Amino acid sequence: MENKNNTTLFIGGLILGAAIGGALGILFAPDKGSETRKKISRKGNEIAGEMKEKFNDFVEDLKNEMDAIKTEAAEMAENRMTDAEKN
């Protein structure tokens, strides 16, 4: 699980770095202000979409992990009850 967290943080850092680099590139480009604002808006929407997708993937992974833990806990409880009934 810790490896997934590290990977998620790394990917998030890459996306953030790309966003900052893209924004700086746009700001220093020789375009009119209105065009630059449109580019920033489009890029912001694109990055927001990517972040939303990553967050949804993270939530889905978390749900799957919790389901696995619940199943394992139920199996352990069942085994303990079976062992107790045998004794």
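What follows draws every value from the coordinates through simple rules; no lab data is involved. All of these numbers come straight from a predicted model, not from anything done at the bench. Every residue, glycine among them, receives a Cβ derived from its backbone with ideal geometry; neighbour counts consider all protein chains shown.
For the residue pair Glu60 and Thr8, what label-to-label distance in nm results when each label sits 7 Å from Cα along the Cα-to-beta-carbon direction?
1.4
On a 0 to 90° scale, report how tilted helix 2-27 is relative to the longest principal axis of the chain, with both axes built from alpha carbons and the result rounded to the nearest 10.
10
Starting at the first residue of segment 41-49, write each ³J(HN,Hα) from the Karplus equation 6.51 cos²θ - 1.76 cosθ + 1.60 with θ = phi - 60°, in whole Hz, x for Gly and Pro.
4, 4, 5, x, 5, 5, 5, 4, x
Counting helices only, and only those DSSP H runs with n ≥ 4, report the 222 nm mean residue ellipticity of the chain as the sum of -39,500 (n - 2.57) divided by its residues, in deg cm²/dmol to the nearest 500.
About -34000 deg cm²/dmol.
Please name which of Ile20, Ala68, Ile40 has its Cα lying farthest along the dipole of segment 6-71 towards the positive end, using unit charges on Cβ (Lys, Arg +1; Asp, Glu -1) and the Cα centre as origin.
Checking the options against the dipole of segment 6-71, the answer is Ile40.
In segment 27-87, what chymotrypsin sites (Phe, Trp or Tyr not before Pro) fall in a loop by DSSP, with at most 14 other Cβ atoms inside 10 Å?
Within segment 27-87, the qualifying chymotrypsin sites (Phe, Trp or Tyr not before Pro) (loop, at most 14 other Cβ atoms within 10 Å) are Phe28.
May I have the count of lysine pairs in the chain with C-alpha atoms under 30 Å apart, counting pairs 8 or more residues apart or located on different chains?
17
Return the distance in nm (one decimal) between the two label points of a simple spin-label model at Ala68 and Met81, each offset 7 Å from Cα along Cα→Cβ.
Using points 7 Å along Cα→Cβ, the separation is 2.5 nm.
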